[in-house]
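First up is the structure itself, then whatever we jot down about it.
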Ligand code: 4AD
Ligand code: MG
(Lines give C-alpha, C1' and ligand atoms only; values in the text may rest on other atoms or scores of the structure.)
(Ligands and ions follow the chains in the order given, each with its own letter.)
Protein backbone atom coordinates (compact mmCIF):
# COMPACT_ATOMS: atom_id res chain seq x y z
CA UNK A 1 0.00 0.00 0.00
CA UNK A 2 1.43 3.43 -0.84
CA UNK A 3 2.27 5.71 2.04
CA UNK A 4 -0.06 8.60 2.81
CA UNK A 5 1.75 11.69 4.06
CA UNK A 6 0.22 13.42 7.04
CA UNK A 7 -0.31 16.55 5.03
CA UNK A 8 -2.51 14.57 2.63
CA UNK A 9 -4.35 12.64 5.34
CA UNK A 10 -5.17 15.80 7.31
CA UNK A 11 -6.56 17.57 4.27
CA UNK A 12 -8.60 14.59 3.07
CA UNK A 13 -12.08 15.41 1.81
CA UNK A 14 -13.58 12.05 2.69
CA UNK A 15 -13.10 9.12 5.06
CA UNK A 16 -10.70 6.44 3.79
CA UNK A 17 -10.67 2.76 4.62
CA UNK A 18 -7.07 1.85 3.92
CA UNK A 19 -4.39 4.32 4.90
CA UNK A 20 -0.71 3.68 5.62
CA UNK A 21 0.94 6.26 7.86
CA UNK A 22 4.64 6.36 8.72
CA UNK A 23 6.12 8.84 11.15
CA UNK A 24 7.44 9.53 14.62
CA UNK A 25 5.53 9.40 17.89
CA UNK A 26 5.10 12.77 19.52
CA UNK A 27 3.07 11.59 22.53
CA UNK A 28 1.12 8.61 23.73
CA UNK A 29 -1.70 8.37 26.23
CA UNK A 30 -3.01 5.04 27.40
CA UNK A 31 -6.57 4.48 28.56
CA UNK A 32 -8.10 1.27 29.80
CA UNK A 33 -9.14 -0.30 26.51
CA UNK A 34 -7.25 1.82 23.96
CA UNK A 35 -4.32 4.19 23.43
CA UNK A 36 -4.00 7.58 21.71
CA UNK A 37 -0.88 8.25 19.68
CA UNK A 38 0.03 11.64 18.25
CA UNK A 39 2.06 11.03 15.09
CA UNK A 40 4.01 13.48 13.00
CA UNK A 41 5.97 12.88 9.80
CA UNK A 42 7.23 16.43 9.27
CA UNK A 43 4.98 17.21 6.32
CA UNK A 44 2.59 19.20 8.45
CA UNK A 45 2.62 21.24 11.62
CA UNK A 46 -0.43 19.36 12.89
CA UNK A 47 -0.12 15.85 14.26
CA UNK A 48 -2.40 13.01 13.30
CA UNK A 49 -4.23 11.44 16.21
CA UNK A 50 -4.26 7.67 16.10
CA UNK A 51 -6.60 5.55 18.18
CA UNK A 52 -5.59 1.95 18.73
CA UNK A 53 -7.97 -0.39 20.54
CA UNK A 54 -6.63 -3.02 22.88
CA UNK A 55 -8.27 -5.76 20.81
CA UNK A 56 -6.13 -4.90 17.74
CA UNK A 57 -3.69 -7.85 17.41
CA UNK A 58 -0.65 -5.53 17.44
CA UNK A 59 -1.73 -3.76 20.62
CA UNK A 60 1.20 -5.31 22.51
CA UNK A 61 3.52 -3.10 20.39
CA UNK A 62 2.06 0.05 21.91
CA UNK A 63 4.42 0.02 24.89
CA UNK A 64 7.35 0.42 22.52
CA UNK A 65 5.73 3.38 20.76
CA UNK A 66 7.28 5.96 23.05
CA UNK A 67 8.01 9.60 22.22
CA UNK A 68 10.55 9.75 19.39
CA UNK A 69 10.00 6.19 18.13
CA UNK A 70 9.28 5.65 14.44
CA UNK A 71 6.11 3.75 13.60
CA UNK A 72 4.04 2.44 10.75
CA UNK A 73 0.29 2.26 11.08
CA UNK A 74 -2.42 0.90 8.84
CA UNK A 75 -5.89 2.05 9.55
CA UNK A 76 -9.08 3.88 8.69
CA UNK A 77 -9.25 7.63 8.39
CA UNK A 78 -12.49 8.74 10.05
CA UNK A 79 -14.05 12.03 11.05
CA UNK A 80 -12.81 12.94 14.50
CA UNK A 81 -15.19 13.54 17.33
CA UNK A 82 -12.48 15.25 19.31
CA UNK A 83 -11.73 18.95 19.19
CA UNK A 84 -8.88 20.44 17.16
CA UNK A 85 -8.81 18.02 14.25
CA UNK A 86 -11.07 16.96 11.40
CA UNK A 87 -9.66 13.47 10.94
CA UNK A 88 -8.20 10.74 13.08
CA UNK A 89 -6.87 7.31 12.29
CA UNK A 90 -8.31 4.13 13.76
CA UNK A 91 -5.47 1.66 13.69
CA UNK A 92 -5.77 -1.89 12.36
CA UNK A 93 -2.07 -2.57 12.81
CA UNK A 94 0.92 -0.92 14.47
CA UNK A 95 4.56 -1.64 13.82
CA UNK A 96 7.36 0.05 15.74
CA UNK A 97 10.14 0.53 13.18
CA UNK A 98 12.75 2.12 15.43
CA UNK A 99 12.43 2.36 19.17
CA UNK A 100 13.51 5.52 20.96
CA UNK A 101 15.87 5.45 23.94
CA UNK A 102 14.40 6.85 27.13
CA UNK A 103 16.79 9.81 27.10
CA UNK A 104 15.32 11.22 23.85
CA UNK A 105 16.19 14.93 24.26
CA UNK A 106 12.90 16.28 22.87
CA UNK A 107 10.67 14.41 25.35
CA UNK A 108 9.48 17.62 26.87
CA UNK A 109 8.41 20.89 25.31
CA UNK A 110 9.70 24.32 26.20
CA UNK A 111 13.43 23.88 25.68
CA UNK A 112 15.52 27.02 25.20
CA UNK A 113 16.71 27.97 21.73
CA UNK A 114 20.29 27.46 22.96
CA UNK A 115 19.51 23.89 23.99
CA UNK A 116 17.89 23.25 20.63
CA UNK A 117 21.02 24.51 18.82
CA UNK A 118 22.99 21.85 20.65
CA UNK A 119 20.47 19.35 19.30
CA UNK A 120 20.72 20.55 15.70
CA UNK A 121 20.40 16.93 14.53
CA UNK A 122 17.03 16.47 16.27
CA UNK A 123 15.50 19.94 16.32
CA UNK A 124 13.85 19.67 12.87
CA UNK A 125 11.46 17.22 14.59
CA UNK A 126 10.06 19.97 16.78
CA UNK A 127 7.06 22.11 15.84
CA UNK A 128 9.09 25.30 15.67
CA UNK A 129 12.03 24.04 13.61
CA UNK A 130 9.87 21.82 11.43
CA UNK A 131 7.91 24.97 10.57
CA UNK A 132 11.03 27.07 9.98
CA UNK A 133 12.50 24.57 7.58
CA UNK A 134 9.25 23.97 5.71
CA UNK A 135 9.04 27.72 5.19
CA UNK A 136 12.69 27.81 4.14
CA UNK A 137 11.98 25.25 1.44
CA UNK A 138 8.91 27.09 0.20
CA UNK A 139 10.70 30.45 0.08
CA UNK A 140 13.54 28.91 -1.96
CA UNK A 141 10.91 27.76 -4.44
CA UNK A 142 9.25 31.19 -4.49
CA UNK A 143 12.61 32.82 -5.23
CA UNK A 144 12.93 30.78 -8.39
CA UNK A 145 9.29 31.47 -9.32
CA UNK A 146 9.74 35.21 -8.94
CA UNK A 147 12.70 35.34 -11.30
CA UNK A 148 11.59 32.68 -13.74
CA UNK A 149 8.23 34.44 -14.17
CA UNK A 150 10.19 37.57 -15.11
CA UNK A 151 12.54 35.94 -17.64
CA UNK A 152 15.61 35.92 -15.42
CA UNK A 153 18.03 33.04 -16.00
CA UNK A 154 19.49 31.10 -13.08
CA UNK A 155 23.29 31.14 -13.20
CA UNK A 156 25.51 28.93 -11.06
CA UNK A 157 28.44 31.10 -10.11
CA UNK A 158 31.54 29.42 -8.67
CA UNK A 159 32.04 28.73 -4.99
CA UNK A 160 35.82 28.71 -5.29
CA UNK A 161 37.19 32.00 -6.59
CA UNK A 162 40.33 34.14 -6.75
CA UNK A 163 38.55 37.51 -6.40
CA UNK A 164 37.38 39.35 -3.31
CA UNK A 165 34.17 40.92 -4.59
CA UNK A 166 33.40 42.99 -1.51
CA UNK A 167 37.04 43.92 -1.00
CA UNK A 168 36.74 43.43 2.74
CA UNK A 169 39.36 40.69 2.92
CA UNK A 170 37.01 38.42 4.86
CA UNK A 171 37.63 35.29 2.85
CA UNK A 172 38.24 31.67 3.76
CA UNK A 173 41.26 30.34 1.95
CA UNK A 174 40.95 27.20 -0.18
CA UNK A 175 44.26 25.36 -0.23
CA UNK A 176 45.69 21.88 -0.43
CA UNK A 177 49.05 22.95 0.96
CA UNK A 178 50.09 21.32 4.21
CA UNK A 179 50.35 24.29 6.62
CA UNK A 180 53.48 22.85 8.24
CA UNK A 181 55.25 22.08 4.98
CA UNK A 182 54.09 24.85 2.63
CA UNK A 183 56.69 25.92 0.04
CA UNK A 184 58.04 29.37 0.79
CA UNK A 185 59.22 32.23 -1.35
CA UNK A 186 60.98 35.14 0.36
CA UNK A 187 59.61 33.90 3.68
CA UNK A 188 55.97 33.85 2.50
CA UNK A 189 53.90 30.89 1.39
CA UNK A 190 54.37 30.31 -2.32
CA UNK A 191 50.79 29.96 -3.54
CA UNK A 192 51.93 29.47 -7.10
CA UNK A 193 52.64 25.92 -5.91
CA UNK A 194 49.11 25.57 -4.49
CA UNK A 195 46.32 23.58 -6.15
CA UNK A 196 45.04 26.37 -8.41
CA UNK A 197 48.43 28.00 -8.91
CA UNK A 198 47.37 31.16 -7.07
CA UNK A 199 45.63 32.16 -3.85
CA UNK A 200 42.01 31.02 -3.91
CA UNK A 201 39.09 31.39 -1.57
CA UNK A 202 35.45 30.56 -0.89
CA UNK A 203 33.33 33.22 -2.56
CA UNK A 204 31.75 36.11 -0.61
CA UNK A 205 29.39 36.89 -3.51
CA UNK A 206 28.51 35.67 -6.99
CA UNK A 207 28.08 39.20 -8.28
CA UNK A 208 31.16 39.62 -10.48
CA UNK A 209 30.43 36.42 -12.37
CA UNK A 210 26.75 37.41 -12.37
CA UNK A 211 27.73 40.57 -14.25
CA UNK A 212 29.38 38.41 -16.90
CA UNK A 213 26.12 36.59 -17.52
CA UNK A 214 23.87 39.66 -17.28
CA UNK A 215 25.91 41.28 -20.04
CA UNK A 216 25.09 38.25 -22.18
CA UNK A 217 21.64 36.97 -21.13
CA UNK A 218 20.25 40.36 -19.96
CA UNK A 219 18.55 39.28 -16.72
CA UNK A 220 20.09 36.69 -14.45
CA UNK A 221 20.09 35.64 -10.81
CA UNK A 222 22.29 33.51 -8.62
CA UNK A 223 21.11 31.68 -5.52
CA UNK A 224 23.78 29.86 -3.62
CA UNK A 225 25.99 29.68 -0.56
CA UNK A 226 28.43 32.46 0.24
CA UNK A 227 31.11 32.57 2.91
CA UNK A 228 32.49 35.33 5.06
CA UNK A 229 35.32 34.93 7.51
CA UNK A 230 34.12 37.82 9.66
CA UNK A 231 34.40 37.31 13.37
CA UNK A 232 31.09 38.94 14.22
CA UNK A 233 29.09 37.05 16.76
CA UNK A 234 25.74 38.74 16.23
CA UNK A 235 22.24 37.38 15.76
CA UNK A 236 22.30 38.46 12.08
CA UNK A 237 25.70 37.23 10.88
CA UNK A 238 26.69 33.75 9.81
CA UNK A 239 29.94 32.65 8.20
CA UNK A 240 28.07 30.55 5.66
CA UNK A 241 24.82 31.92 4.33
CA UNK A 242 22.81 31.84 1.14
CA UNK A 243 22.40 34.85 -1.05
CA UNK A 244 20.14 35.66 -3.98
CA UNK A 245 21.81 38.02 -6.42
CA UNK A 246 19.95 39.27 -9.48
CA UNK A 247 21.88 41.25 -12.08
CA UNK A 248 20.08 43.27 -14.72
CA UNK A 249 21.53 44.73 -17.91
CA UNK A 250 20.25 48.13 -19.10
CA UNK A 251 19.03 48.97 -15.60
CA UNK A 252 19.81 51.91 -13.30
CA UNK A 253 19.56 52.30 -9.53
CA UNK A 254 15.86 53.22 -9.61
CA UNK A 255 15.00 50.05 -11.51
CA UNK A 256 17.15 48.12 -9.06
CA UNK A 257 15.36 49.55 -6.01
CA UNK A 258 11.99 48.79 -7.64
CA UNK A 259 13.00 45.18 -8.25
CA UNK A 260 14.29 44.69 -4.70
CA UNK A 261 11.06 46.04 -3.27
CA UNK A 262 8.81 43.88 -5.42
CA UNK A 263 10.99 40.85 -4.69
CA UNK A 264 10.73 41.24 -0.91
CA UNK A 265 6.97 41.79 -1.19
CA UNK A 266 6.53 38.80 -3.47
CA UNK A 267 8.25 36.54 -0.93
CA UNK A 268 6.12 37.90 1.91
CA UNK A 269 2.94 37.37 -0.08
CA UNK A 270 3.92 33.89 -1.22
CA UNK A 271 4.68 32.81 2.35
CA UNK A 272 1.40 34.19 3.68
CA UNK A 273 -0.46 32.32 0.95
CA UNK A 274 1.38 29.02 1.10
CA UNK A 275 2.46 28.64 4.72
CA UNK A 276 -0.55 29.94 6.67
CA UNK A 277 -0.31 27.34 9.45
CA UNK A 278 3.36 28.05 10.05
CA UNK A 279 2.83 31.81 10.05
CA UNK A 280 -0.04 31.40 12.51
CA UNK A 281 2.22 29.27 14.70
CA UNK A 282 5.07 31.83 14.63
CA UNK A 283 2.61 34.63 15.39
CA UNK A 284 1.41 32.75 18.45
CA UNK A 285 4.66 31.41 19.87
CA UNK A 286 7.57 33.39 18.41
CA UNK A 287 6.53 36.94 17.63
CA UNK A 288 3.05 38.22 18.37
CA UNK A 289 3.37 41.11 15.93
CA UNK A 290 4.47 38.98 13.00
CA UNK A 291 1.31 38.68 10.94
CA UNK A 292 0.48 42.34 11.27
CA UNK A 293 4.01 43.33 10.30
CA UNK A 294 4.04 41.13 7.22
CA UNK A 295 0.73 42.57 6.04
CA UNK A 296 2.04 46.05 6.71
CA UNK A 297 5.10 45.34 4.52
CA UNK A 298 2.81 44.25 1.69
CA UNK A 299 0.47 47.20 1.93
CA UNK A 300 2.85 50.15 1.78
CA UNK A 301 5.65 51.34 -0.48
CA UNK A 302 9.08 51.27 1.12
CA UNK A 303 10.35 54.69 2.14
CA UNK A 304 13.32 55.90 0.06
CA UNK A 305 15.81 58.19 1.72
CA UNK A 306 19.30 59.28 0.73
CA UNK A 307 22.24 58.39 2.94
CA UNK A 308 22.79 62.13 3.53
CA UNK A 309 19.22 62.63 4.74
CA UNK A 310 19.45 59.49 6.85
CA UNK A 311 22.54 60.89 8.57
CA UNK A 312 20.75 64.18 9.25
CA UNK A 313 17.69 62.36 10.61
CA UNK A 314 19.83 60.28 12.93
CA UNK A 315 21.75 63.32 14.14
CA UNK A 316 18.53 65.17 14.84
CA UNK A 317 16.93 62.17 16.55
CA UNK A 318 18.39 62.96 19.99
CA UNK A 319 18.96 59.25 20.45
CA UNK A 320 22.06 57.95 22.15
CA UNK A 321 23.77 55.44 19.92
CA UNK A 322 26.81 53.32 20.72
CA UNK A 323 28.43 54.22 17.39
CA UNK A 324 28.94 57.75 16.06
CA UNK A 325 26.69 59.14 13.32
CA UNK A 326 28.69 61.16 10.85
CA UNK A 327 28.81 61.64 7.10
CA UNK A 328 31.37 59.17 5.73
CA UNK A 329 30.80 56.48 8.37
CA UNK A 330 28.88 53.27 7.86
CA UNK A 331 25.39 53.00 9.26
CA UNK A 332 25.49 50.50 12.10
CA UNK A 333 22.69 48.09 12.85
CA UNK A 334 21.41 50.31 15.68
CA UNK A 335 21.12 53.24 13.22
CA UNK A 336 19.42 51.11 10.59
CA UNK A 337 16.96 49.79 13.10
CA UNK A 338 16.20 53.24 14.44
CA UNK A 339 15.35 54.40 10.93
CA UNK A 340 13.10 51.50 10.06
CA UNK A 341 11.59 50.72 13.49
CA UNK A 342 11.27 54.12 15.09
CA UNK A 343 11.54 56.95 12.64
CA UNK A 344 9.75 55.64 9.55
CA UNK A 345 8.11 52.55 11.04
CA UNK A 346 8.31 51.09 7.58
CA UNK A 347 10.88 49.28 5.43
CA UNK A 348 13.38 51.86 4.18
CA UNK A 349 15.64 51.93 1.14
CA UNK A 350 18.72 54.09 1.78
CA UNK A 351 20.61 55.15 -1.35
CA UNK A 352 23.61 57.26 -2.37
CA UNK A 353 26.38 56.26 0.03
CA UNK A 354 29.80 57.97 0.18
CA UNK A 355 32.15 56.19 -2.18
CA UNK A 356 34.80 55.76 0.53
CA UNK A 357 32.78 53.17 2.41
CA UNK A 358 31.72 51.09 -0.60
CA UNK A 359 33.44 48.52 -2.87
CA UNK A 360 35.24 49.26 -6.14
CA UNK A 361 32.46 48.16 -8.50
CA UNK A 362 29.84 50.77 -7.58
CA UNK A 363 28.99 53.53 -10.04
CA UNK A 364 30.13 56.99 -9.06
CA UNK A 365 27.38 59.64 -9.07
CA UNK A 366 27.72 62.98 -10.86
CA UNK A 367 28.56 64.68 -7.55
CA UNK A 368 31.86 62.78 -7.61
CA UNK A 369 31.39 61.90 -3.93
CA UNK A 370 28.62 59.34 -3.66
CA UNK A 371 27.95 56.05 -5.40
CA UNK A 372 24.72 54.57 -6.78
CA UNK A 373 24.36 52.13 -3.90
CA UNK A 374 21.26 51.11 -1.99
CA UNK A 375 20.41 49.06 1.09
CA UNK A 376 16.94 47.88 2.09
CA UNK A 377 16.37 48.01 5.85
CA UNK A 378 13.55 46.19 7.63
CA UNK A 379 12.25 46.21 11.21
CA UNK A 380 13.81 43.74 13.60
CA UNK A 381 16.82 43.09 11.40
CA UNK A 382 18.21 46.17 9.67
CA UNK A 383 19.93 45.55 6.33
CA UNK A 384 18.37 42.73 4.35
CA UNK A 385 19.36 43.81 0.81
CA UNK A 386 22.56 45.47 -0.41
CA UNK A 387 22.98 46.49 -4.04
CA UNK A 388 24.10 49.08 -6.54
CA UNK A 389 24.37 50.25 -10.09
CA UNK A 390 27.76 49.07 -11.36
CA UNK A 391 30.47 51.28 -12.81
CA UNK A 392 30.17 50.55 -16.54
CA UNK A 393 32.70 53.22 -17.68
CA UNK A 394 36.17 51.73 -18.02
CA UNK A 395 38.15 54.86 -17.14
CA UNK A 396 36.18 55.40 -13.94
CA UNK A 397 36.36 51.71 -13.05
CA UNK A 398 40.14 51.80 -13.49
CA UNK A 399 40.34 54.82 -11.23
CA UNK A 400 38.43 52.80 -8.62
CA UNK A 401 40.83 49.88 -8.94
CA UNK A 402 43.71 52.27 -8.35
CA UNK A 403 42.06 53.91 -5.38
CA UNK A 404 41.36 50.52 -3.80
CA UNK A 405 44.85 49.23 -4.60
CA UNK A 406 43.43 46.40 -6.66
CA UNK A 407 45.45 44.98 -9.52
CA UNK A 408 43.78 45.71 -12.87
CA UNK A 409 45.53 42.71 -14.39
CA UNK A 410 43.76 40.34 -12.02
CA UNK A 411 40.41 41.73 -13.15
CA UNK A 412 41.15 41.73 -16.90
CA UNK A 413 37.99 39.75 -17.63
CA UNK A 414 35.84 42.12 -15.54
CA UNK A 415 37.39 45.07 -17.40
CA UNK A 416 36.63 43.36 -20.71
CA UNK A 417 32.90 43.66 -19.97
CA UNK A 418 33.50 47.45 -20.13
CA UNK A 419 35.50 47.16 -23.37
CA UNK A 420 33.08 45.12 -25.44
CA UNK A 421 29.57 46.52 -25.49
CA UNK A 422 29.40 47.93 -21.97
CA UNK A 423 25.93 48.76 -20.65
CA UNK A 424 24.54 50.35 -17.54
CA UNK A 425 23.64 47.49 -15.23
CA UNK A 426 22.58 46.94 -11.66
CA UNK A 427 21.94 44.25 -9.12
CA UNK A 428 21.62 43.43 -5.47
CA UNK A 429 22.06 40.67 -2.91
CA UNK A 430 19.28 39.51 -0.60
CA UNK A 431 20.44 37.54 2.42
CA UNK A 432 18.28 34.40 2.37
CA UNK A 433 18.50 33.76 6.12
CA UNK A 434 17.77 37.40 6.97
CA UNK A 435 14.67 37.16 4.75
CA UNK A 436 13.65 34.04 6.67
CA UNK A 437 14.09 35.90 9.95
CA UNK A 438 11.74 38.57 8.64
CA UNK A 439 9.18 35.98 7.51
CA UNK A 440 9.20 33.84 10.65
CA UNK A 441 9.93 36.37 13.39
CA UNK A 442 12.77 34.11 14.55
CA UNK A 443 15.32 36.54 15.91
CA UNK A 444 18.58 34.62 15.53
CA UNK A 445 20.10 33.60 12.21
CA UNK A 446 21.31 30.36 13.83
CA UNK A 447 17.70 29.26 14.16
CA UNK A 448 16.71 29.64 10.51
CA UNK A 449 19.84 27.82 9.27
CA UNK A 450 19.85 24.00 9.25
CA UNK A 451 23.45 23.79 10.48
CA UNK A 452 24.73 27.24 11.32
CA UNK A 453 28.36 28.16 10.78
CA UNK A 454 29.44 30.82 13.25
CA UNK A 455 32.82 31.40 14.92
CA UNK A 456 33.76 28.23 16.79
CA UNK A 457 30.76 26.23 15.55
CA UNK A 458 31.17 23.44 13.06
CA UNK A 459 29.99 20.47 15.11
CA UNK A 460 27.23 19.13 12.89
O1 LIG B 1 25.63 43.92 1.28
P2 LIG B 1 26.36 42.71 0.82
O3 LIG B 1 27.72 42.46 1.36
O4 LIG B 1 26.37 42.82 -0.77
C5 LIG B 1 27.04 42.01 -1.64
O6 LIG B 1 27.63 40.99 -1.36
C7 LIG B 1 26.85 42.41 -3.08
N8 LIG B 1 27.90 41.78 -3.87
C9 LIG B 1 25.46 42.02 -3.53
C10 LIG B 1 25.17 42.41 -4.94
O11 LIG B 1 25.08 43.58 -5.23
N12 LIG B 1 25.03 41.44 -5.82
O13 LIG B 1 25.48 41.42 1.12
C14 LIG B 1 24.16 41.31 0.62
C15 LIG B 1 23.23 40.80 1.70
C16 LIG B 1 23.11 41.70 2.92
O17 LIG B 1 22.21 42.75 2.71
C18 LIG B 1 22.63 40.72 3.96
O19 LIG B 1 21.22 40.50 3.83
C20 LIG B 1 23.34 39.44 3.56
O21 LIG B 1 23.69 39.56 2.21
N22 LIG B 1 24.54 39.23 4.38
C23 LIG B 1 24.63 38.34 5.37
N24 LIG B 1 23.74 37.47 5.87
C25 LIG B 1 24.13 36.69 6.88
N26 LIG B 1 25.36 36.70 7.42
C27 LIG B 1 26.30 37.56 6.95
N28 LIG B 1 27.52 37.55 7.47
C29 LIG B 1 25.95 38.43 5.88
N30 LIG B 1 26.61 39.37 5.17
C31 LIG B 1 25.73 39.83 4.26
MG1 MG C 1 25.84 45.41 2.66
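The values are calculated or read from the model by the stated rules, or taken from the named source; none is laboratory data. Since the structure is predicted, the reported quantities are computational estimates derived from the model, not experimental observations. Glycine gets a Cβ as well: all are built from the backbone with ideal geometry, and neighbour counts include every protein chain shown.
For residue 323, indicate whether it is exposed (fewer than 13 other Cβ atoms within 10 Å of the Cβ), away from ligand 1 (no atom under 16 Å from the Cβ) and free of Cβ contacts under 8 Å to residues at least 24 places away in the same chain. Yes, satisfied. Of all residues in region 153-162, none are out of contact with any strand residue (DSSP E or B) (no Cβ under 7 Å at 6 or more places or on another chain) and either within 16 Å of ligand 2 (Cβ to nearest atom) or farther than 30 Å from residue 437 by Cβ (or both).
Residues are listed down the side, and each one gets a yes or a no for (1) in contact with a strand residue (DSSP E or B) (Cβ under 7 Å, 6 or more places away or on another chain); (2) within 11 Å of ligand 1 (Cβ to nearest atom):
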site: 203; (1), (2): yes, yes
site: 210; (1), (2): yes, yes
site: 216; (1), (2): no, no
site: 223; (1), (2): yes, no
site: 247; (1), (2): yes, yes
site: 260; (1), (2): yes, yes
site: 281; (1), (2): no, no
site: 293; (1), (2): no, no
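Taken over region 114-123, the criterion of being closer than 17 Å to residue 445 by Cβ and surrounded by fewer than 16 Cβ atoms within 10 Å (Cβ to Cβ) is satisfied by 114, 118.
The residue that is farthest from residue 210 (Cα to Cα), counting only those in region 384-403 that are within 14 Å of ligand 1 (Cβ to nearest atom) and in contact with a helix residue (DSSP H, G or I) (Cβ under 6 Å, 6 or more places away or on another chain), is 384. Each residue in region 360-380 was checked for being near ligand 1 (Cβ under 10 Å from one of its atoms) and more than 14 Å from residue 346 (Cβ to Cβ), and 5 pass.
Of all the residues in region 237-285, those that are under 30 Å from residue 157 (Cα atoms), away from ligand 2 (no atom under 16 Å from the Cβ), in contact (Cβ under 8 Å) with a residue 12 or more places away in the chain and more than 20 Å from the chain's Cα centre (by Cα) number 6. Applying the criterion of at least 3 residues that are over 27 Å from the mean Cα position of the chain (by Cα) to the helices (runs of 4 or more DSSP H) found wholly in region 286-342 leaves 307-316.
Scoring residue 151 on the criteria (1) more than 16 Å from ligand 1 (Cβ to nearest atom); (2) under 30 Å from residue 412 (Cα atoms); (3) outside any loop (DSSP other than H, G, I, E, B) leaves a single failure, condition (3). When the criteria are applied in full, residue 352 fails the requirement of being in a strand (DSSP E or B), more than 17 Å from residue 304 (Cβ to Cβ) and within 16 Å of ligand 2 (Cβ to nearest atom).
Note on region 363-387: residues that are within 15 Å of ligand 2 (Cβ to nearest atom) and on the phi > 0 side of the Ramachandran plot amount to 1. Residue pairs whose Cβ atoms lie under 6 Å apart, separated by 6 or more positions or on different chains, with the first residue in region 432-444 and under 9 Å from residue 136 (Cβ atoms) and the second within 16 Å of ligand 2 (Cβ to nearest atom) and not in a loop (DSSP other than H, G, I, E, B), are 432/242; 433/241; 433/445. Candidates are the residues of region 30-47 that are under 24 Å from residue 281 (Cα atoms) and not in a loop (DSSP other than H, G, I, E, B); the one that is farthest from the chain's Cα centre (by Cα) is 36.
When residues in region 57-106 are screened for being touching a strand residue (DSSP E or B) at 6+ places or on another chain (Cβ under 8 Å), assigned to a loop (DSSP other than H, G, I, E, B) and either in contact (Cβ under 8 Å) with a residue 40 or more places away in the chain or over 21 Å from residue 19 (Cβ atoms) (or both), 8 of them pass.
Residue pairs whose Cβ atoms lie under 7 Å apart, sitting 6 or more positions apart in sequence or on different chains, and linking a residue in region 149-177 that is on the phi > 0 side of the Ramachandran plot and at pLDDT below 95 to a partner that is part of a loop (DSSP other than H, G, I, E, B) and away from ligand 2 (no atom under 16 Å from the Cβ), are 167/404.
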